[in-house]
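See below for the structure under consideration.
The values are calculated or read from the model by the stated rules, or taken from the named source; none is laboratory data. Model, not experiment: these values are computed from the prediction. Note that each Cβ is placed from the backbone with ideal geometry, even for glycine, and that neighbours are counted across all protein chains shown.
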Amino acid sequence: MCYGRESRAVLKLLLFFQLLFVVNQLHFPWETGIPALAPTNLIFLLVLFFMRGKPEMLDTGEPILKRRLLWFYGALGLAFLWAQVLAPREIIDDLVYLKTALFYPLYYFLYLNCRQDEKTTRQLIIWIMIIAAVAGLEAIREGLDYGFGKYNPFRRASGPFGVDWHHANRAGVFFGIFTPMFVALALFLKGQKLWRIGAIGGIALLAGGALFTYSRQSYILILLSMALLLVRRSVILATVIGIVLVSSVNYLPDSVIQRAEETKQQGKGGAEEVDVSTASRWEIWEGAMGMWREYPMGVGLNRFKTRIGNYCKYKGMDAHNFYVLTLAETGPQGLITYIMFLVALFRLAKFLRMNAPPGDHEAVALTLGFTMSTVCMVLGQIYGSPTFEGSVMGCYWALCGLMERYIKFKMQGKADAEKPSEPTMADRFPLAAYLQGKR
């Protein structure tokens, strides 16, 4: 296939648009008209089409996440088949659920092998951060529209992730995942004041968006990632900023403080009790354990909501914990393969940190930020289950591939610089050069 300038431009445009679209699907109410083929799937196929024949300028080697992800895919496929044996129903719904579960992590492979040069790879990483910041701005705007009065569980911002409060926790996890990227740039960039100012602005937008989601999980993720990165930068700086943050608590909206204080409440006898939201999750998790004890191999993929009502009073509810959900639906084999995949993610993060050029402060900052983003992604699944949500996780999977590609470009550049240069004719034939000089 002849690969002209127009095709290269279209591919680049599609790569950028795909990242924008996957987060903002709510704002693009498109339909393909083809059953089980969503617009995200179609864009993905278009990207693959325009990649055909495009020469690769980087030897990416075997993807670091490949084997562990394929093992988890195998467990999901087995759970799908087990669901058809154990409790068959409309198979199309199950196939769509399986397709969604398998699809979005493929962004890792796509962007790892996106056929773009180092400059464009860096631009795509920055583009993901811009998309995240704009999502935070949208959540802030929603929060301002709701106002700062008493906390109302039905007036929580969801940004581009939902039309009402139902997706506020999803938005909170997204903000928690991407905030560390901005924090790391603000702390570890040197001599790039404009970029650091931009990073601080990104922190404000994502943290502000998280505040209005009223997701306590997102508060913990953001504060934890900031604390760990600050300690990595300077213990003294971490202490000073910690004092400033604690002293600034009283300036937060009353609704935010009320939401944070809701976890513990006074019972009728004066004893402390957890709030209804927390207690309901514990009851659902206890029911999920009962489900697993009855079905040690799992109840099958996409069967948790239809079964949980048999084990607790919450019918048709999500597990609100991806690890619990995975154990209940896919059995221990599914949970083990998923944990193995998470270990591979941390191996990827270590690879990035170890191979980022020490003098390249931007690369070092990005790898540290990615490491903390991965920590937040793992922790964000304890109080929710957004793993199969493309709008929440699509950009993270793409970031995995882009970061691996970006650092491998750095490694290739270092190897080329260290490679001995080709000897000149004078080096090869010194006597001939001497005789020519004599003439």
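Within the group Phe178, Phe182, which residue is hydrophobic (A, V, I, L, M, F, W, C), assigned to a helix (DSSP H, G or I) and closer than 28 Å to Ala319 by Cβ?
Phe178
Which pairs do you get when a residue that is surrounded by fewer than 21 Cβ atoms within 10 Å (Cβ to Cβ) and assigned to a helix (DSSP H, G or I), found in the range 274-291, comes within reach of a residue that is β-branched (Val, Ile, Thr) and at pLDDT 85 or above, reach meaning Cβ atoms under 6 angstrom, with the pair 6+ apart or on two chains?
From residues that are surrounded by fewer than 21 Cβ atoms within 10 Å (Cβ to Cβ) and assigned to a helix (DSSP H, G or I), the pairs are Trp285/Val324.
Here's a check for you: in the range 187-203, which residue that is of a type in the set (A, V, I, L, M) and more than 13 Å from Ser225 (Cα to Cα) is surrounded by the fewest Cβ atoms within 10 Å (Cβ to Cβ)?
It comes out as Leu194.
Does any residue of the range 51-60 turn out to be of a type outside the set (D, E, K, R), assigned to a helix (DSSP H, G or I) and under 20 Å from Val10 (Cβ atoms)?
yes
Return the residues of the range 129-176 that are within 29 Å of Glu362 (Cα to Cα) and of a type in the set (A, V, I, L, M); say none if nothing qualifies.
Met129, Ile130, Ile131, Ala132, Ala133, Val134, Ala135, Leu137, Ala139, Ile140, Ala171, Val173 - these are the residues of the range 129-176 that are within 29 Å of Glu362 (Cα to Cα) and of a type in the set (A, V, I, L, M).
Looking at (1) surrounded by fewer than 18 Cβ atoms within 10 Å (Cβ to Cβ); (2) farther than 24 Å from Ala199 by Cβ; (3) touching a helix residue (DSSP H, G or I) at 6+ places or on another chain (Cβ under 7 Å), which is the one condition that is false for Gly147?
(3)
Which count do you get for residues in the range 110-124 that are assigned to a helix (DSSP H, G or I) and of a type in the set (Asp, Glu)?
1
Only one of these conditions is not met by Glu329: (1) surrounded by fewer than 17 Cβ atoms within 10 Å (Cβ to Cβ); (2) part of a helix (DSSP H, G or I); (3) of a type outside the set (Val, Ile, Thr). Which number is it?
Result: Glu329 fails condition (1) only.
Within the range 9-47, count every residue that is farther than 26 Å from Gly159 by Cβ and crowded, with 16+ Cβ neighbours inside 10 Å.
Within the range 9-47, residues that are farther than 26 Å from Gly159 by Cβ and crowded, with 16+ Cβ neighbours inside 10 Å number 2.
Are any residues in the range 291-321 farther than 20 Å from Val96 by Cβ and among the acidic types (Asp, Glu), and if so, which ones?
Glu294
If we scan the range 359-376, do we find a residue that is at pLDDT 90 or above, over 23 Å from the mean Cα position of the chain (by Cα) and either surrounded by fewer than 22 Cβ atoms within 10 Å (Cβ to Cβ) or at positive phi (or both)?
Scanning the range 359-376 turns up at least one residue that is at pLDDT 90 or above, over 23 Å from the mean Cα position of the chain (by Cα) and either surrounded by fewer than 22 Cβ atoms within 10 Å (Cβ to Cβ) or at positive phi (or both).
The conditions are (1) outside any loop (DSSP other than H, G, I, E, B); (2) more than 26 Å from Ile407 (Cβ to Cβ), and Arg89 fails exactly one of them. Which is it?
In the conditions (1) outside any loop (DSSP other than H, G, I, E, B); (2) more than 26 Å from Ile407 (Cβ to Cβ), Arg89 misses (1) alone.
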